[in-house]
Amino acid sequence: MKRKILFSAIAFFCASVAISAQSKKAIYLDNTQPIELRVKDALSRMTLEEKVKLCTAQSKFSSHGVPRLGIPEIWMSDGPHGVRMEILWDSWGHAGWTNDSCTAFPALTCLAASWDPKMSAVYGNAIGEEARYRRKDVLLGPGVNIYRTPLNGRNFEYLGEDPFLASKMVVPYIQGVQQNGVAACVKHYALNNQEKWRGHINVELSDRALYEIYLPAFKAAVVEGKVWSIMGSYNQIRGEYACHNNLTLNKILKGEWKFDGCVITDWGGAHDTKQSAYNGLDIEMGTWTNGFTSNKAFAYNDYFLANPYLKMLKSGEIPVSNVDDKASRILRMIFRTAMNVNKPYGSLASEEHHNVGRKVGEEGIVLLKNTISLLPLNVSKYKTIAVIGENATRKLTEGGGSSELKVKREVSPLQGLTEKFGAAKIKYAMGYASGAVSYDQVLKSKLNADSLRAAAVKLATESDIVIFVGGLNKNTQQDSEGDDRRSLALPFGQNELIAELQKVNKKVVLVMLSGNAYEMPWINQTTTLVQAWYIGSEAGRAIANVLAGEVNPSGKLPFTFPVKLADNSAHSFGAISYPGDSINQVYKDDILVGYRWHDTKKIAPQFPFGYGLSYTTFVYGKATADNKKMTTDGKITVSIPVKNTGTVKGKEIVQLYINDQKSTEMRPEKELKAFDKIELNPGEEKVVSFTIDKTALQFYSDVKKDWVAEAGKFTVLIGASSRDIKAKVDFELQ
Ligand code: GLC
């Protein structure tokens, strides 16, 4: 009898264990479990084939999940300024959905021009909400490639010429996106500083230029921003493609920076199975496309990390541990995004998001000239306001490449100005025409340039004041992906038109929309100039609010405007430096990029990095330091009073640069190491303080192959721009 009871007890025990195991959810499905346990558990349940599948695309913008285990696929979408319209499964065509119209936020140069990391946080959260609502797990942005040449077609997508400014502005954007359960994908890592020959050009440069100029914004994105994915760029770096590059991906990104996320190719950036396996690639997207066209349909099984990779794993040529690392990273990203049940629901094209877009635009607009105080416009003085220029009406959220958007609305400058000042006063003339937007060809306009110009000049002659809205646009060889500009000049005959307008009317306000610098042959006759970027859905309202004085402009340039192209660093060392010899390119300007070049070589820019005016004036007092000797692990705090001496409230961006008076290796004349944007009421004074430590004094030694801060004398330069230094303080690093 006893034996029977014992057996039935044992049977009951086993059954209950089995049931509890059955009813207890698998760890990977249990959202209360830590992500690392879920990754391990999921990996332990996957077959080799399923692990390999995770590493490649299944469609144009999605990569495989594990259907058998209920692990969803990953959906990705461009871009840095808004969530792109839905794309077809296996081609670049638009799917034609009717529920994917979005908010176009300002291009990132405009965000950078705000010099306000708080704006980045708001921007990142808003675009993250839109990506979340559109059920995207990865947002393919932000871009942080350094502005090295003003000809680069994609500078409008990036954060300017200075690694410190870009580093400070990119972190909050990433955190804002990812708090919505959407992975940001910082791009294009790395040295994709031009579009010409982007698919293969091999970039050679010093370690110093790499570490001091081109990597810091990516490092900040990874180490401070905790970005969950990063996009390898198309180009080569020291002979290896960036999408599978031992130096940048294994040694620096996953080694030094301890990146725990996914490396995703640019679309078509992978070129070899073993290199993809061993040199740090995790997800292969878009192979056999060049970012614009596809030349092999449904090729997913042939991807380098698909069947060829599986074969090498099965044969033992590549150890299974190789795919386990990739699969773990991909699962980690899935648990952070698609399988993260705590993520909010997001929202699309809401009024709140349009308000964010307008606010970023208002904070980023830069007032460059206002010599006769035409601005803010005293509209009651004028009966007729001529608005002239194709950019006053042209849709600028379309085109430009992968950052193209289908918007719920785009308020053009003409619409914004008409809304603000009343239709009765506004008369419009196109003035110049640029042709259609297209990826790979420059389409000429059918309109007659002479008649357009004549009509505009006539209107200007008859009007009280002229608002010219010009600049560049998203055409190929303008501000667009896939190719570079051919010159620094404004296109479509704008220079001649601007000169004519300024001849026939003494009141001309130039409003320029671009993501790049341009030559200004007319500047000496210009009294009023506003750099207004690509602001997106609310462009017209942001511009009208600034011109009307409802918003006091507070933006400052995130990159230098050179007088002429030859004054730029990249264009000072022959073709090998830019655009390269079609195979190789050498960054001979090294660390002297942007103002580092202009200020060290004493080449006066048209408008300097960090420059921007206000409708009020600011006076800086004397700078003081709390001590003059910094120990190696010490700090010093530099303070300076800034006063609003004008009649309206305004914001001022106070900049701190460092000059190393004596160093064993060449250093730029100055380097940005801190900044603060403060708001002051008329008559109000604030003391701005910056605390710096030796990291602000370091340079990357090509000799020691490490960051060094050499003892000796330094100078802190406090400026309203890189060339408008208001105060200096000398101190010594012991
Ligand atoms: C493009 C771009 C990249 C974009 C990707 C997907 O070629 O270089 O920025 O995210 O392909 O459209």
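The values are calculated or read from the model by the stated rules, or taken from the named source; none is laboratory data. These figures come from a predicted structure and were not determined experimentally. Glycine also receives a Cβ, built like all others from the backbone with ideal geometry; neighbour counts cover every protein chain displayed.
See the values below:
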read-out: Residues (without any contact (Cβ under 8 Å) to a residue 60 or more places away in the chain, touching a Gly at 6+ places or on another chain (Cβ under 8 Å) and not basic (K, R)) located in region 617-657; value: T617, P641, V642, N644, T645
read-out: Filter result for the condition that a residue is surrounded by 15 or more Cβ atoms within 10 Å (Cβ to Cβ) and without any contact (Cβ under 8 Å) to a residue 24 or more places away in the chain, over D660, D589, D676; value: D676
read-out: Every residue from region 159-180 that is part of a helix (DSSP H, G or I) and within 16 Å of the ligand (Cβ to nearest atom); value: V170, Y173, I174, V177
read-out: Selection within region 390-446 - polar (S, T, N, Q), at pLDDT 95 or above and closer than 30 Å to V379 by Cβ; value: N391, T393, T397, S412, Q415, T418
read-out: Number of positions in region 26-53 that are farther than 23 Å from N342 by Cβ and buried (at least 17 other Cβ atoms within 10 Å of the Cβ); value: 5
read-out: Sole residue being out of contact with any Leu (no Cβ under 6 Å at 6 or more places or on another chain), more than 14 Å from the ligand (Cβ to nearest atom) and not in a helix (DSSP H, G or I), chosen from K219, K258; value: K258
read-out: From V593, V551, residue being assigned by TED's automatic domain parsing to the domain that holds V530 and either at pLDDT 95 or above or in contact with a helix residue (DSSP H, G or I) (Cβ under 7 Å, 6 or more places away or on another chain) (or both); value: V551
read-out: Candidates I603, I678, I658, filtered to the one that is within 30 Å of W522 (Cβ to Cβ), among the aliphatic types (A, V, I, L, M) and within 32 Å of the chain's Cα centre (by Cα); value: I603
read-out: For T273: the one exception among (1) farther than 28 Å from K136 by Cβ; (2) surrounded by 19 or more Cβ atoms within 10 Å (Cβ to Cβ); (3) touching a residue at least 40 places away in the same chain (Cβ under 8 Å); value: (3)
read-out: Condition met for A121 (away from the ligand (no atom under 16 Å from the Cβ), touching a strand residue (DSSP E or B) at 6+ places or on another chain (Cβ under 8 Å) and either farther than 26 Å from A57 by Cα or in a loop (DSSP other than H, G, I, E, B) (or both)); value: no
read-out: Counted residues, region 126-165 - those being under 17 Å from K219 (Cβ atoms) and hydrophobic (A, V, I, L, M, F, W, C); value: 5
read-out: Matching residues in region 80-118 - criterion: being within 16 Å of the ligand (Cβ to nearest atom) and on the phi > 0 side of the Ramachandran plot; value: G82
read-out: Filter result for the condition that a residue is under 26 Å from the mean Cα position of the chain (by Cα), among the polar types (S, T, N, Q) and either outside the structural domain of A270 (by TED's automatic domain parsing) or within 16 Å of the ligand (Cβ to nearest atom) (or both), over N355, N342, N295; value: N355
read-out: Filter result for L253 (in a helix (DSSP H, G or I), out of contact with any strand residue (DSSP E or B) (no Cβ under 9 Å at 6 or more places or on another chain) and at negative phi); value: no
read-out: Looking only at region 277-292, and only at residues there that are among the polar types (S, T, N, Q) and in contact (Cβ under 8 Å) with a residue 40 or more places away in the chain, the one that is farthest from the ligand (Cβ to nearest atom); value: T287
read-out: Failed condition for H200, given (1) within 14 Å of the ligand (Cβ to nearest atom); (2) in a loop (DSSP other than H, G, I, E, B); (3) surrounded by 24 or more Cβ atoms within 10 Å (Cβ to Cβ); value: (3)
read-out: Selection status of Y123, among the hydroxyl-bearing types (S, T, Y) and touching a helix residue (DSSP H, G or I) at 6+ places or on another chain (Cβ under 7 Å); value: yes
read-out: Residues satisfying the stated conditions in region 62-79, i.e. within 16 Å of the ligand (Cβ to nearest atom) and free of Cβ contacts under 8 Å to residues at least 40 places away in the same chain; value: S62
read-out: Qualifying residue in region 303-313 (condition: assigned by TED's automatic domain parsing to the domain that holds R198, of a type in the set (D, E, K, R) and buried (at least 20 other Cβ atoms within 10 Å of the Cβ)); value: no
read-out: Output for region 497-538, where each listed residue is in a loop (DSSP other than H, G, I, E, B) and touching a helix residue (DSSP H, G or I) at 6+ places or on another chain (Cβ under 7 Å); value: N505, G515, N516, P521, W522, T526, A532, W533, Y534, I535
read-out: Count of residues meeting criterion [in contact with a Phe, Trp or Tyr (Cβ under 8 Å, 6 or more places away or on another chain) and hydroxyl-bearing (S, T, Y)] in region 352-396; value: 1
read-out: Unique residue being touching a residue at least 60 places away in the same chain (Cβ under 8 Å) and of a type outside the set (A, V, I, L, M, F, W, C) when the list is K311, K395, K359; value: K359
read-out: Lone qualifier among G482, G470 - being on the phi > 0 side of the Ramachandran plot and either within 26 Å of the chain's Cα centre (by Cα) or in a helix (DSSP H, G or I) (or both); value: G482
read-out: Residue list for region 181-194, restricted to those being near the ligand (Cβ under 9 Å from one of its atoms) and part of a loop (DSSP other than H, G, I, E, B); value: N192
read-out: Single unsatisfied condition, F156 versus (1) assigned to a helix (DSSP H, G or I); (2) over 23 Å from A489 (Cα atoms); value: (2)
